[in-house]
Every structure is written in structure tokens, then in C-alpha cells.
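Comments concern the structure below.
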């Protein structure tokens, strides 16, 4: 049992991810993010989804590292590395928090994990993903503008079509990027 949300859309990445970034982020999205001896960036555990007992000690199979929002990150790179999108695995919780985690640690301007994962480059990410939960009233947008993540709830009109609660996300996406100092 659990709650299912469907996602549609993608977050574009400039420049495209390199081959090592694509391989790493794909593994990251396929492994359970457990609190373990080798730290939050480790992706080479044994067994299904990296849940085995080797090659390091798993401190808790049911709790992620304190820096991570949940046990599963289901945002994955496209094969060509030009975008992030939902990997279509079920029951994706903390999706917005996971997107910001990816921006901060792996794909943003200066990835926090670069010292541990030297193949990481700086990127700029932009785009919108629509989300629809199992409950028809649970509809929202996840937007990324210059590596910052925003969430906009949607409401349903009498016709049943979802529309933004406010136009703030549209204004945000249309605004020019701030100049770097």
C-alpha cells in the first residue's frame, strides 16, 4: 500500500550531463538510499537496489542518511543526459525535495558532492513537471528555474481541468535569469 503520484514533463540540463554523470545518477535513482557506512553518495551496494550487506555496513535499511529526504530518489537522467525525468517507479515521496537535493549535490552550478565525485560538472537546469496524485484534487507543478525548485498547487475548474492557483510560477519561468555578480 502507499500513495501513487504520476509525473509528466522533464527538467532540461545545460550543458548535457557527461557519461559518468549519466551512469552515476541512473544508479542513484535505482538504489535504496539507506543510512550506511560509505555515506549518502554510495551507489555500489550488493543485492537488489543496493540493499545487501556488502561491501559496507548498512546502519538502517529503513532510514535514509540525514541529508537525504527519503529512501528512493526517482528522478533519473535521460539516456542522452539532456534532462531529468521521473523513472516511472511507483510511490515517489518527497519528489520536490529530491529534485532540490539533485540540484544542490550533483547537477547545480557547484555540486556539493564534487570533492567525492570529481566527474561532476556545473549545470543549469530549467523546466516544469506536472504531478497528479491518486486523489483528483492532488495536482501540482514542480518547476526548476536556474537550479531552484518551486512547487505550485493546482486547482480544478468546474470542467475538471487543473489550473495554477496563481500565475506566480508562470511569471517566475518567464522572468530573465538574474545576473551573476
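I need the full set of residues from the stretch 33-68 which are buried (at least 17 other Cβ atoms within 10 Å of the Cβ) and either over 19 Å from residue 116 (Cβ atoms) or more than 21 Å from the chain's Cα centre (by Cα) (or both), in order please.
Of everything in the stretch 33-68, just one residue is buried (at least 17 other Cβ atoms within 10 Å of the Cβ) and either over 19 Å from residue 116 (Cβ atoms) or more than 21 Å from the chain's Cα centre (by Cα) (or both), namely 58.
Does residue 27 meet the test of being within 28 Å of residue 132 (Cα to Cα) and at pLDDT below 95?
no
For (1) exposed (fewer than 14 other Cβ atoms within 10 Å of the Cβ); (2) more than 20 Å from residue 76 (Cβ to Cβ); (3) out of contact with any strand residue (DSSP E or B) (no Cβ under 9 Å at 6 or more places or on another chain); (4) modelled with pLDDT of 90 or more, each residue gets a yes or a no:
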residue	(1), (2), (3), (4)
105	no, no, yes, yes
108	no, no, no, yes
121	no, no, yes, yes
135	yes, yes, yes, no
142	no, no, no, yes
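May I ask you to list pairs of residues, at least six apart or on different chains, whose Cβ atoms are under 8 Å apart, with the first in the stretch 105-116 being touching a residue at least 40 places away in the same chain (Cβ under 8 Å) and the second being buried (at least 16 other Cβ atoms within 10 Å of the Cβ) and assigned to a helix (DSSP H, G or I)?
Matching pairs, first to second residue: 106/21; 106/24; 106/25; 106/28; 107/21; 107/25; 113/105; 113/106.
Return only the number of the condition from (1) in contact (Cβ under 8 Å) with a residue 60 or more places away in the chain; (2) surrounded by 19 or more Cβ atoms within 10 Å (Cβ to Cβ); (3) out of contact with any strand residue (DSSP E or B) (no Cβ under 7 Å at 6 or more places or on another chain); (4) within 21 Å of residue 141 (Cα to Cα) that residue 24 does not satisfy.
(4)
The values are calculated or read from the model by the stated rules, or taken from the named source; none is laboratory data. The model shown is predicted, which means the values in this text are computed figures rather than measured ones. Reconstructed Cβ throughout: ideal geometry from the backbone, glycine too, with neighbour counts over all protein chains shown.
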